[in-house]
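The values are calculated or read from the model by the stated rules, or taken from the named source; none is laboratory data. Source: prediction; values computed, not measured. Areas reflect the complete protein model, heavy atoms only, side chains present, ligands, DNA and RNA absent. Shrake-Rupley method; radii C 1.70, N 1.55, O 1.52, S 1.80 Å.
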Amino acid sequence: MAFTRISMTLPRDVLVAADRRARALDRSRSWLIVEAIRAYLSESPSRVRESPSTHYGVASPGLGPLRLAQLESDLRLTPERRVQAAEESARLGELVRKSHGRRQQVLSFERYEDYVAWKRIEQAAP
């Protein structure tokens, strides 16, 4: 079986509890985490639900009233006006980046394969 090393960030109390359980079972932390993931993946989707109000056991702040009002306002715009607003923001961003002397980008991809294709094109460019 092939193994891959990963890095994780866990709440301290969860890590302490996991280490305690691994020691009680005379197993490694990695073994315990692998078994927990396997158990999670074997559950039926209707039984496994992530609480929308928590993130790592801490209450999620959600959207504040000002951000929510801004989103509702943006959604009332026509699609054409939304594109125009995005282009205006991009132009302003270019002015700010030029004044700072470096180019910054935020990219998102629907699939990993799309990212790989983009990366190949970027690496091939002079």
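Before moving on, here are some points about what is shown:
- Only one of ALA124, ALA59 that is closer than 30 Å to LEU15 by Cα and modelled with pLDDT under 85: ALA59
- Some residue of the range 84-104 being modelled with pLDDT of 85 or more, open to solvent by less than 90 Å² (accessible area, probe 1.4 Å) and of a type in the set (Asp, Glu): yes
- Matching residues in the range 1-37 - criterion: being open to solvent by 90 Å² or more (accessible area, probe 1.4 Å) and part of a loop (DSSP other than H, G, I, E, B): MET1, ALA2, PHE3, THR4, ARG5, ILE6, SER7, MET8, THR9, ASP26, ARG27
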